[in-house]
Amino acid sequence: MKKIFAILAVCAVCVSASAQQPVYEKGKFFDNWSIGADGGINTNLYNWHKGGGVLGVQLTKAINPVVSFEFSTQLGLDDIAWKGDANSWAIGSPYNKKHISTINAIASTKINLMNWIGGYKCEPRLFEVQARGGVGYLRYVADEKQGNSAVLKVGLDFDFNLGEAKAWTVSLRPAILTDIIGAGLYRDANEEFGKGLFSTMQLTAGLTYHFKNSNGNHYINCVRPYDQSEIDALMASINALREEYGKSAARIRQLEDELAKKPKEVIVEKKVTETKVQTKEEHSLECLVYFGQGKTTVSPAQLPNVERIATFMKNNKNSKVVIYGYASPEGNAEVNERIANQRAEAVQKLLVNKYKISADRITAKGKGVGDAFSEPDWNRVSICTIEQ
């Protein structure tokens, strides 16, 4: 018998060490704790009519969905105590037949067979079976037989997890306890005390409460697994984005520096025409209004350029303005045509609505992709040419 229980204990340790772990969320130290209480009957395996009751409490820590560690303590009640003798509960009672017969404290390993064999389903099943085995301290406290010993306990837990939150578990727990030293409280009176092994069979029912974890649930959460190919692909994407960002940032700084050096208003052209009678100089004034990529509204930073045109036209009542809108080469031709036209119209609307310039003095037209500047980004512009 002793060898059998030793083999079972070794098997439990091996199973707990070799069980394939599901992919689960690593909890904090105070996660995955539960507390429970149970009560029931036990009987002497050597003499079935001898037995009594048992009451116990358990504190359990789940390491993962398969393996848990449990610390439990139990009171064994002899048949007189089980029948409710009023004086039987006090250890050391002067009434003699007192009879809390044993006290034990056991540390156990529990294996969730459902999660081990069928895999963890990201929350407890309605019904689960757990195997457990452990060793601990046993104290005999009956009047006629007192002493210390050690106990081996193996058994099964048939668990019913209740409610949507799975916070409560009702269990039926058959188990066998064996005094591995052999003190033998319930051995027959004719047998020598302490000779051989003493074993009892227990059948208890219990209720367990699972404390809420830091993840907000009363159980272990699953984590989506990533294989190495997915990780490599994600890292490659991150590195590519970093490289692209570095290039874009450098390009933006370069364009900003070039734009800062670009004058807002320039005299583009000085034409000299000659006739047989005289030479006449004509000056053409142009003003540039720049736009952001894909933008068709005049930004506040460009309003001073539009105001310059309006001021000149108010001071020169016979002057007119021709506005050509342009786009940079990104995108398809149809989109660029539309954006170019909208940029010309945006400047026209500002002159009419904000600065009260007569619409018949303004010509606005889109010219598609511009090539006035060698830098493509600078061609997101409306070029306003004053005619006198």
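The values are calculated or read from the model by the stated rules, or taken from the named source; none is laboratory data. Quick caveat, the model's predicted, so the values are computed rather than measured. FYI the Cβ positions are ideal-geometry reconstructions off the backbone, even for glycines, and counts take in every protein chain you see.
Applying the criterion of being under 19 Å from Phe211 (Cα atoms) and without any contact (Cβ under 8 Å) to a residue 40 or more places away in the chain to the residues of segment 160-175, the residue that is surrounded by the fewest Cβ atoms within 10 Å (Cβ to Cβ) is Glu164. Every condition in (1) buried (at least 16 other Cβ atoms within 10 Å of the Cβ); (2) of a type in the set (Lys, Arg); (3) in a loop (DSSP other than H, G, I, E, B); (4) modelled with pLDDT of 90 or more holds for Arg187 except the one numbered (4).
So which residues in segment 117-135 are modelled with pLDDT of 90 or more and not charged (D, E, K, R)?
Going through segment 117-135, the residues modelled with pLDDT of 90 or more turn out to be 117, 124-135.
Within segment 117-135, Ile117, Pro124, Leu126, Phe127, Val129, Gln130, Ala131, Gly133, Gly134, Val135 qualify.
Looking at (1) in contact with a helix residue (DSSP H, G or I) (Cβ under 9 Å, 6 or more places away or on another chain); (2) closer than 27 Å to Ala260 by Cα, find the lone condition where Val322 falls short. So Val322 meets the others, but not (1).
Of everything in segment 100-149 that is free of Cβ contacts under 8 Å to residues at least 40 places away in the same chain and among the aliphatic types (A, V, I, L, M), the residue that is surrounded by the fewest Cβ atoms within 10 Å (Cβ to Cβ) is Leu126.
Of the listed requirements (1) touching a strand residue (DSSP E or B) at 6+ places or on another chain (Cβ under 6 Å); (2) free of Cβ contacts under 8 Å to residues at least 24 places away in the same chain, Leu234 misses just one: (1).
(1) of a type in the set (Lys, Arg); (2) under 11 Å from Ser382 (Cβ atoms); (3) assigned to a loop (DSSP other than H, G, I, E, B): which one isn't true of Arg343, the others all being true? Only one criterion is unmet by Arg343, namely (3). Of all residues in segment 334-388 being within 25 Å of Gln254 (Cα to Cα) and among the basic types (Lys, Arg), which is surrounded by the most Cβ atoms within 10 Å (Cβ to Cβ)? So the residue we want is Arg343.
To keep it simple, each residue is scored yes or no on (1) more than 18 Å from Phe211 (Cα to Cα); (2) at pLDDT 70 or above.
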site: Ala6; (1), (2): yes, no
site: Cys11; (1), (2): yes, no
site: Val15; (1), (2): yes, no
site: Ala19; (1), (2): yes, no
site: Ser34; (1), (2): no, yes
site: Asn44; (1), (2): yes, yes
site: Trp48; (1), (2): yes, no
site: Gly53; (1), (2): yes, yes
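Of the residues Val170, Val154, the single one that is within 23 Å of Ile41 (Cα to Cα), part of a strand (DSSP E or B) and touching a helix residue (DSSP H, G or I) at 6+ places or on another chain (Cβ under 8 Å) is Val154. Put simply, of Glu244, Glu269, Glu274, Glu256 the only residue that is at pLDDT below 80 and outside the structural domain of Ala301 (by TED's automatic domain parsing) is Glu256.
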